[in-house]
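Peer 1: Sharing a structure with you now.
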Amino acid sequence: MAHDDRDNYNDDNGDNQPLQTLPTASTASSSSPPPYPHDTQQRQTAAKHAINVLKSFIGSNFLSVPFAFAAAGSLLGPLAVALIASVSGLGCLLLVQIRIDLQQRLQHQQQHRPAVETYAQVAGALLGRPGYYLVEVFLILTQVGYCIGYVIYMSTAIHQFAGESLSLVYIFFGLVTLPLICLCLIPDLKHFLPFAFLSNVALLVGFLAVLIASVSRARDQGIFYVTWGVVDARKLPLAFGNIVASFEGIGTILSVEGSMARDQVRGYYPLLLKQTLLLVTILFSAFGIVGFGAFGKELCSVVLTNLPMGVCADVARVALIVGLFCTYGFQMYPVYQMIDLRLLGEDVDTSSPYFFPGGSSLLAHDGYGALHFSPSLADAAPAAAVGTALGRRNIRAATYLGVRVGVVLFTSIVAYLLPEFELLVALVGSIGGGMLAFIMPGILGWAMYKETATRKEKGRYGCLIAFGVVGGVIGAGHALHDLIYGQSQC
C-alpha cells in the first residue's frame, strides 16, 4: 500500500520528532568517501555522469552574470564568483556526506528503515517533519523558479526570431510548453544523459558565440570597460542573488550523486564536483568580465539583449534555446521525485519498466496507438485480482502524467505573466539558493555531528548559515522591491 515517505523518519513512539539516539559516528571530515574506482568500465561510467554533474550547475542564469559584474566591477565580480563557488561546494559536499553517514546510521539502528534518497528525506530524518516540509517547499520554489526563467528566455528568444508573425501566447503555450511536457515524461535521471550532453554542447556553443560577439563589439567601439572598484553599490544585493542562482546545482546534488551510487561510481563524485565548480568559476568569470567590458553600464539583465544583430547573436540564441530546453527536464527531476513520493508512495518506482514504455506494457501501445495495460503484468495472479491491480496502475499512471503536465503548465503561465528575468533570478537565488545551498546544509551538519564535530567544523557550519542568511535577506529584499515597483533593467 502506498504511504507517505516522511512518516518513515519519525521515531518509533510516533511523536514526529527527529532521530535523537543514533549510534555515535565520526565527523564528516573523518568519514571519507569510498575509494575511487579503478576499473576501466567504472571510470567510463563516471565520465558519463560527469556530464550530469556539469549540467546541474549550468542553465540560463549564467546569462545574468555580466549584469552582476556591471554592479560589482571587474575585480570584485570574479572574487564574488569564486567565493560563492567555494561556499556552494562546501555545502554540497557536506550534504552528500551527511546523506551517506545518515544512511549508515539508520541501517545500523533499524534494518527496515527505508533509504534516505532525497534532500527532504535527509532533513526529515534529522529535523523531523518541519525540516522535511521546509526543504520540500524551498526545493520546489528554487527548481520551479529556475525553470520559469528558462521558459521566459526561450519564449523571448523565439519571439525575437519570429517577430510579430507569432503571438506570445502561441509561443509560450504551443512552441515551448508542449515539447517540455514530452521531455518531462522521461522517468529516470540516467536517461537524461543524451539530453544533458546535448545541453552542455549547446550551452558551450552559445557561451562562445556571446563571447565572440562581445569581443567584436568592443573592438568595433574601441572601448573595453575595466573597473577595479564597485560600479553600482545599490545593485550589489541583486548581483549576489544572480551569482548564487547561476550555480544551479544544489537542487539536483543528491539526485546526481544517488544515480552515481546506483552505478557503483559514487567515489568519483567529490572529485567531479570540485572540478566542475572550478571550471564553472572560470567560465562565469570570463563571461562576466568580457560582457561587462564590451557593454559597460549599458548592460541589460540578459546580455543577449545587448548583442548587435548578426550571425553570432543568432547562433547564440538558437544554441541557448536548445540548451535550456534540454536542461528544463533535468532541473525539474527533483520536484517530480518529491511529488511522486508524496502521491504515489515509496513502493512505486517511476523509473522502473512498469512506469514507462520499454520493459513492460504499463504504458504500452496497442495496435491502434492507444495506451493500455497488458494482462501480462498479472499473468500469475487470480483473475479477480487483475482488474484491481490494473485499476491501481491506471490511476498511478494518470497521476504520473498529470503531475508533469500540471507543473509544466504552471511554469509557462507564471513565465507569461512575469517576464522580469533578472529580478526573478535574483529573488530565487537569494531565497531558494541561499536556503538550500548554505543555510540548510549548515543546520543539518550541526544536527548530524553536534556531538562529534570539532570547534573548527562547527564554526564552518555557522559560517554557512550566516552567509546564506545575510546574503539571502538583503538580496531578496532588493529583488522583491524592484519586482513590485517594476524596476527592471531592459
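The values are calculated or read from the model by the stated rules, or taken from the named source; none is laboratory data. Bear in mind the structure is a predicted one, so any value in this text is a computation, not a measurement. Heads up, the Cβs are rebuilt from the backbone with ideal geometry, glycines too, and the neighbour counts pull from every protein chain shown. These accessible areas exclude ligands, DNA and RNA; they are computed on the full protein's heavy atoms, side chains included. Shrake-Rupley method; radii C 1.70, N 1.55, O 1.52, S 1.80 Å.
Peer 1: Keeping to segment 232-253, report how many residues are crowded, with 24+ Cβ neighbours inside 10 Å and in a helix (DSSP H, G or I).
Peer 2: Qualifying residue count, segment 232-253: 15.
Peer 1: Next question. Output the qualifying pairs, or none if there are none: Cβ atoms under 6 angstrom, residues six or more apart or on different chains, first residue in segment 41-55 and open to solvent by 10 Å² or more (accessible area, probe 1.4 Å), second residue among the acidic types (Asp, Glu).
Peer 2: Thr45/Asp263
Peer 1: Okay, next question. Just name the residue that is farthest from Leu271 (Cα to Cα) out of those in segment 75-90 that are of a type in the set (Gly, Ala, Ser) and buried (at least 20 other Cβ atoms within 10 Å of the Cβ).
Peer 2: By that ranking, first place goes to Gly77.
Peer 1: Any residue in segment 321-339 that's of a type in the set (Ser, Thr, Tyr): show its pairings with residues that are open to solvent by 10 Å² or more (accessible area, probe 1.4 Å) at Cβ separation under 6 Å, as long as the two are six or more apart or on different chains.
Peer 2: Listed pairs, sorted by first residue: Tyr333/Ser255.
Peer 1: Tally the residues that are in a helix (DSSP H, G or I) and either surrounded by fewer than 23 Cβ atoms within 10 Å (Cβ to Cβ) or not small (Gly, Ala, Ser) (or both), restricting the search to segment 112-144.
Peer 2: 20
Peer 1: For segment 54-72, check the following and say yes or no: at least one residue is within 23 Å of the chain's Cα centre (by Cα), modelled with pLDDT of 70 or more and under 19 Å from Tyr132 (Cα atoms).
Peer 2: No, because not a single residue in segment 54-72 is within 23 Å of the chain's Cα centre (by Cα), modelled with pLDDT of 70 or more and under 19 Å from Tyr132 (Cα atoms).
Peer 1: Based on what the data block shows, is Tyr170 at pLDDT 85 or above, hydroxyl-bearing (Ser, Thr, Tyr) and more than 30 Å from Asn306 (Cα to Cα)?
Peer 2: So Tyr170 fails the test.
Peer 1: Go through (1) of a type in the set (D, E, K, R); (2) open to solvent by 10 Å² or more (accessible area, probe 1.4 Å); (3) at pLDDT 85 or above one by one and return the number of the condition Arg99 breaks.
Peer 2: Status for Arg99: all satisfied but (2).
Peer 1: Scan segment 411-449 residue by residue and report those that are under 14 Å from Leu134 (Cα atoms), open to solvent by 10 Å² or more (accessible area, probe 1.4 Å) and either of a type in the set (S, T, N, Q) or at pLDDT 90 or above (or both).
Peer 2: Ile439, Ile443
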